[in-house]
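Starting off with a structure, shown below.
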Amino acid sequence: MTAWTRSILGFLFLAALGSAVVLPEIVLVKAQTDVNPRLSLTPAIERELRALTHLAGADAPSLRGRIVVVTFFASWCPPCVEEFRHLKAVHDAYPAEKIAIVAVNLLEDWGGLSNAGRLRRFLRRAAPPFTVLRGSEAVSRRFGGIDRIPTLFVFDRQGNQAYRFIHRVNAKKMNVSDDELRAVIDALI
């Protein structure tokens, strides 16, 4: 059996296991409910994000004074593929001076799934116009310890968390739609 065949079989096994045991669920947390008010996009977090390795898309913009979307993803994550489509639509809907989108590649090696070629193909196919960075444990901790992907945050112009989406078990939906994300952003503009 070739390495490629083993990789495909392993992915199919994990996908089947995930669909049988751990189906994702969305938890949408809005500012009016239980958003963690302590999480804010501080200058220290911005510096840490800007220090991460740039993988694709635009260079990391200054985040100050903008509505900022930060998402955590991995190339092996099917809902992340769909989320990138939504993020592209959102990116195209707003002027760059009003919004910044930063995608942070995290958990790429979860379950032994690390594959640099797959990540390159994912980024080539997704062709993100927004900033894509290689994540770190330090940045994950700054965002409360990311253990599910996709996980997405929206921060208002002052850097306060206004919205959070976390991929959960037993989901009817896999990720935030571009319409849902636009509604959040429109409320902040």
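Rank by packing, highest mean first: peptides 73-81, 124-132, 43-51, with packing defined as the count of other Cβ atoms within 10 Å averaged across residues.
Ranked from most to least packed, the peptides come out as 73-81, 124-132, 43-51.
Something else now. Counting only residues 5 or more places away or on other chains, whose amide H sits under 5 Å from the amide H of ARG168 once H atoms are built in the peptide plane?
Excluding prolines and chain starts, which carry no amide H, the hits are GLU25, ILE26, VAL27.
Continuing with the same structure: Go through the stretch 73-90 residue by residue and turn each phi into a ³J(HN,Hα) via Karplus (6.51, -1.76, 1.60, θ = phi - 60°); whole Hz please, and just put x for glycine and proline.
Here the 3J(HN,Hα) series is 8, 9, 5, 8, 8, x, x, 5, 4, 5, 4, 4, 4, 5, 5, 4, 4, 5 Hz.
Here's another thing I want to ask about it. For the stretch 115-126, what does the Karplus curve 6.51 cos²θ - 1.76 cosθ + 1.60, with θ = phi - 60°, yield as ³J(HN,Hα) per residue in whole Hz, taken in order and with x for Gly and Pro?
7, 4, x, 5, 4, 4, 5, 4, 5, 5, 5, 6
Counting other C-beta atoms within 10 Å, which of ARG66, ARG134 has the fewest, and how do the rest follow? Present the calculation step by step, with values, prior to reporting the outcome.
Working: ARG66 21, ARG134 14.
Placing the least packed residue first, the sequence is ARG134, ARG66.
Would you pull out the residues with amide H under 5 Å of TYR163's amide H, same chain only if 5 or more places away, H placed 1.01 Å from N?
Distant-sequence amide H within range of TYR163: VAL154.
Counting only Cα, what are the radius of gyration and maximum Cα-Cα distance Dmax of the stretch 23-188, in Å?
Cα radius of gyration and Dmax of the stretch 23-188 are 14.5, 42 Å respectively.
Also: Taking amide H atoms as placed 1.01 Å from N in the peptide plane, list the residues 5 or more away in sequence, or in a different chain, whose amide H sits under 5 Å from that of ALA100.
Under 5 Å from the amide H of ALA100 lie the amide H atoms of ILE67, VAL68, VAL69, each far enough along the sequence or on another chain.
Pick out, in residue order, every one of the GluC sites (Glu not before Pro) in the stretch 55-106 that is DSSP loop and has at most 14 other C-beta atoms within 10 Å; say none if there are none. It would help to have the intermediate numbers written out before the result.
Values: sites: GLU82, GLU83, GLU97; in loops: GLU97.
Of the GluC sites (Glu not before Pro), the ones in loops of the stretch 55-106 whose Cβ has at most 14 other Cβ atoms within 10 Å are GLU97.
No lab work stands behind these numbers, since they all come straight from the coordinates. Keep in mind the model is a prediction, meaning the values are calculated, not measured. Positions of Cβ are backbone-derived with ideal geometry, glycine not excepted, and every protein chain shown enters the neighbour counts.
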